[in-house]
Structures are given as C-alpha cells and as structure tokens.
1. Report the label-to-label distance for residue 37 and residue 121 in nanometres (one decimal), using points 7 Å from each Cα along the Cα→Cβ vector.
2. GNM on the chain, C-alpha springs below 10 Å: top fluctuator among 214, 126, 108?
3. Can you list the residues of segment 157-196 with backbone N under 20 Å from a point 7 Å past the Cα of residue 148, pointing along Cα to Cβ?
4. For a label point 7 angstrom out from the Cα of residue 6 toward its Cβ, which stretches of segment 191-234 have the backbone nitrogen within less than 17 Å?
5. How much length, in nm to one decimal, is gained on full extension between residue 249 and residue 132, taken as 0.36 nm per residue of separation minus their Cα-Cα distance?
6. For the chain, what is the calculated [θ] at 222 nm in deg cm²/dmol (nearest 500), taking -39500 (n - 2.57) for each run of four or more DSSP H residues and dividing by its residue count?
7. What's the angle, to the nearest 10 degrees (0 to 90), between helix 90-103's Cα axis and the longest principal axis of the chain?
8. Can you give the FRET efficiency to the nearest 0.05 for residue 229 and residue 30, using r as the Cβ-Cβ distance and R₀ = 30 Å?
C-alpha cells in the first residue's frame, strides 16, 4: 500500500514549484525521499498502532536511545512534554514513545502531514505549521488542553536550522505557556543532542543566501530519518517546571524563551 504518494501530494498540493517540476526530477525526488522504503516499513507494521508502532519503528531503524533523567517524569501525566527539535522526525519518535510508555497514552501536537500515517492518526493533534489553523484544528486543541492527557510538543514548530553559527531552534511559539497556565499543566523539558547532515544545513544556507522562500531543505527530512539508522540518540530530561512559575512578571513570549534557554542549558 502506498501511504506516501508523491504524485498525489503534488497534484493536490499548493506548491507551484513542485507542480512545475519535470517528471524525471519527480522520479529522482521519490528516490531521494525513499518513498518506496517508507511505504515498505509502513506496510510492514500496518497492524501496529500508537506506542507499539513507534517502538517498532525504533527497532526497525536499530536506533539506540540513551535517556538521562527518566526519574524526572512525574507520576501525573497532565503535562506538556516539550523539546528542542534537531532532527524533524526521530526526536518526535523518541519523545512520544518515552511519554507513551510511561503513561500508557499521549497526544502529540504535530504537523498535519502526520495524519497521512494511519498508525498514528489517533495520537496526533494536528496543526498547520506553515499557516493559519482551520477552525476544527483549533477546537480539537482546546478540548485536548482541558483533559488530563499527556501532550508532547515541539514549540519551535519547525526543525532546527543554523542560527548564530549554531544548530538550534527558531524562537518558540508562546501559546504553550498560555495553555500550561490556563490548564494547570506543568512543563517537562527534554533536550536532544545531535543534528542533521551537513547537506541539510548547506541547502538551508544556500536558499537563504539566494532569497528562496520555499523551505527546500524540508524535502530532505525523510532522508534524514534513515541517516539516524544504527545510531545512538542521547536525551536528557529535566525537572518539571510548575505551571505556577509562569506568572505576570514576564510576557508569554519571554516565558517561552525562558523555557527554550532552560532546555538548551540541559546540554551542559
């Protein structure tokens, strides 16, 4: 079964660049993003759902995960579990599987493209990271925030790029601070060590230099998944930050930056 069909995505999408792409280039892009391999894996685990599916993918890629600070996960899972976003998929795989194994279930605020993967559909709280969220997305998120369900989140929205000559997230969206405060959710910080390939960042720097707005480097993210095969990913979990911390002494934006800097301090 073709879970990922690039021809269909191009046909139904809004990208003028992809629609103008010659067929030989589309074929090369399919090879590069490993469309066939991705579909093979998704088909292999077609009977797996949620946490079981996540763990199967980690095993399939033979990724070894070393986590420091598991004892910092609170017994009450009504929290935001937030992290930096260096990889684009593998960090989400590890974040959600870690939270899911601890609490038995979870919801991940994630890019709406993950709805293409039925194995995870029931665990995804979809958002449009490139534009305005449709009304149904917003309503579902509001319902979710008021529950006791553990929520995983990458507040940057997009995978890390080169910033100030370092690989780090862009400024974080502030909304998770407001929702933590309004819904009595502590924030549990995760820090992921590592980065994507040099080619990923080279493409990013070239397109920024040329003033190209389309995020060409994002087409490499499926390729980056397989770059992590047989690798060790190291994670550090910090102590929960009580929601009462986020008082009126700072703006929501400043509190979001506070949490972002705190997570990067876990690197030390």
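We did not get these values from a lab; they are worked out from the coordinates using the rules stated. Only a predicted model underlies this, so the values are computations on that prediction, with no experimental measurement involved. Because the Cβ atoms are built from the backbone with ideal geometry, glycine has one as well, and the counts that use them run over all protein chains shown.
1. Reported label-point gap for residue 37 and residue 121 is 2.7 nm.
2. 214
3. Residues passing the 20 Å test: 180-188.
4. From segment 191-234, the list is 200, 215-227.
5. Working: separation 117, 0.36 × 117 = 42.12 nm, distance 2.91 nm.
So the extension gain works out to 39.2 nm.
6. About -12000 deg cm²/dmol.
7. 40 degrees
8. 0.95
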